[in-house]
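Down below is the structure, laid out as structure tokens.
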Amino acid sequence: MPKVSVVMPIYNVESYVASAIQSVLQQTFTDFELLLVIDGATDNSLAICKQFDDPRIRIIEQQNRGLAGARNTGIRQAQGEYIALLDADDLWLPEKLAKQVAHLDNNPEVGISYAISAFIDEQDRSLGLYMSPKLQDITPQEVFCRNPVGNGSVPMIRQAVFAAIAFQYQPGNDEMAYFDESFRQSEDIECWMRMALLTKWQFAGINQVLIRYRVNAGGLSANLDKQYQQWQRMVDKMRDYAPTFLQDWEAPARAYQLRYLARRAVRMRNAKTATRLMSQSLACYKALLWQEPGRTLSTLAAAWLLRLLPLKFYQTLEQWGVNLSRKLK
């Protein structure tokens, strides 16, 4: 049995899938299987996957069920003690698996291991931005408000954690699910919240960049309003199993989510959406201004500068800020 099962859902990503697969095959840790779940792809993705000749690769084909459904299929067939997820348009750095295997091996109380992500564009170029979450002593409210895991290409999770949250997705069907297939966005955080609230397994991170996360204008997360609607659906679902928790944490979590979406809107150069989302965020929970003044004010300033300044001037200011940040590091 392999130590790690890598689950990669694949749907119409022919431009990126070869690089994603290669980033797995180039890992310094080699005791893994790679499950390529072809989720009803209609492009050349399947043919590209078949070009790889490696005994650790298994190709699984199914009708389109969405990202959550493809992950569920891969997890059900996974043989490894640990399961690592990778979206087919993202990349791993070579030591990603080795670092996380050691992390879980050395910390038996940790069920969900994650790390820092670096943002790249559609041409694999670094954007100079990083997803740098809190790494230790993670509480359920921090998962809800800040989602330290960050994105679906980051986590390595014990099989035992998935077993603890498994549910029968359809009555009369023995097939177990882990991600909720009714979600086409926010399926990650919906799953992490059940892990945080319904199990005793801990979340913990590694202080190292191990993932290259692609900001793709055509990706699922590009439609910010739909993403927010799906986040609201997750909150409504939580009312059934964590109503007391929501009474205390729904307002700040909503403000954090809106601020996050505003930052995404800034990166997408959508000034009107960015300023609207920041206004909604502060209306939900004004305490963001003094609890996290740096990130809140910088997002607010970026949104309004983007809206008021000519784009070329804004881009010059933004690049100056990125260069300054690099020098300070």
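The values are calculated or read from the model by the stated rules, or taken from the named source; none is laboratory data. Owing to the predicted nature of the structure, the values given are computational and were not obtained by experimental measurement. All Cβ positions, even for glycine, are placed from backbone atoms using ideal geometry, and neighbour counts span all protein chains on display.
Taking D248, is it in a helix (DSSP H, G or I), of a type in the set (D, E) and closer than 15 Å to E190 by Cβ?
For D248, the condition - in a helix (DSSP H, G or I), of a type in the set (D, E) and closer than 15 Å to E190 by Cβ - is not met.
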Problem set entry | Any chance K226 is surrounded by fewer than 18 Cβ atoms within 10 Å (Cβ to Cβ), among the charged types (D, E, K, R) and either over 21 Å from the mean Cα position of the chain (by Cα) or at pLDDT 90 or above (or both) | no
Exercise. With respect to E122, is the statement that it is in a loop (DSSP other than H, G, I, E, B), touching a Lys or Arg at 6+ places or on another chain (Cβ under 9 Å) and either more than 22 Å from V6 (Cα to Cα) or at pLDDT 95 or above (or both) true?
Worked result: yes
Exercise. Is the range 131-149 home to any residue that is part of a helix (DSSP H, G or I), closer than 22 Å to T30 by Cα and touching a residue at least 40 places away in the same chain (Cβ under 8 Å)?
Worked result: no
Problem set entry | Neighbours by Cβ (under 7 Å, 6+ apart or cross-chain): first from the range 174-191, assigned by TED's automatic domain parsing to the domain that holds P148 and under 17 Å from L261 (Cα atoms); second hydroxyl-bearing (S, T, Y) and not in a loop (DSSP other than H, G, I, E, B) | Q185/S221
Seminar exercise, completed: So, first residue within 13 Å of V13 (Cβ to Cβ) in the range 40-55, second residue surrounded by fewer than 10 Cβ atoms within 10 Å (Cβ to Cβ), Cβ within less than 6 Å, six or more apart or across chains; the pairs are G40/Q63
